[in-house]
1. Taking the residues in the stretch 17-38 that are open to solvent by 40 Å² or more (accessible area, probe 1.4 Å) and of a type in the set (D, E) as candidates, determine which candidate is farthest from L84 (Cα to Cα).
2. Considering A49, A63, which residue is in contact (Cβ under 8 Å) with a residue 12 or more places away in the chain, in contact with a strand residue (DSSP E or B) (Cβ under 6 Å, 6 or more places away or on another chain) and within 18 Å of K22 (Cα to Cα)?
3. Do you know which residues across the stretch 39-86 are farther than 21 Å from E2 by Cβ, open to solvent by 90 Å² or more (accessible area, probe 1.4 Å) and either of a type outside the set (K, R) or touching a Ser or Thr at 6+ places or on another chain (Cβ under 9 Å) (or both)?
4. Working only within the stretch 66-86, note down all residues that are among the hydroxyl-bearing types (S, T, Y) and without any contact (Cβ under 8 Å) to a residue 12 or more places away in the chain.
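The values are calculated or read from the model by the stated rules, or taken from the named source; none is laboratory data. In this text the structure is predicted, and so the values were computed from the model without any measurement. No Cβ is skipped: glycine too gets one built from the backbone with ideal geometry, and neighbour counts run over all protein chains shown. Ligands, DNA and RNA are stripped out before the accessible areas are found, and what is left, the full protein with its side chains, is counted by its heavy atoms. Shrake-Rupley method; radii C 1.70, N 1.55, O 1.52, S 1.80 Å.
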Amino acid sequence: IEESVFQRIVYGDDPLINGNPKINALRDVVEKSGIEAKDHAYVGDRLEADILGAKELGMVAIAAWSNIKEADISIENIYEIEKLLV
């Protein structure tokens, strides 16, 4: 995948932000991108820490290295993502 397709955003979680820093970070990324949440994909391997927050915002949630039924897509290998994006 061409690197130019991605916009780099560096974000650090602050544990004092409303007690849920990851959802705030995801919300901030969506707002700053100017792209609807449904057109973002979040890749993670844990239900509570990754998948649920992405789903709450309306993002596509991809579970990597695990099969999480709440995720939109589950993949066994991170390299499977390329096929999903092209």
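1. So, considering only residues that are open to solvent by 40 Å² or more (accessible area, probe 1.4 Å) and of a type in the set (D, E), the one farthest from L84 (Cα to Cα) is E31.
2. Residue meeting the stated conditions: A63.
3. R46, E48, E56, W65, N67, E76
4. Initial filter on the stretch 66-86 (among the hydroxyl-bearing types (S, T, Y)): 66, 74, 79.
Passing the criteria: only Y79.
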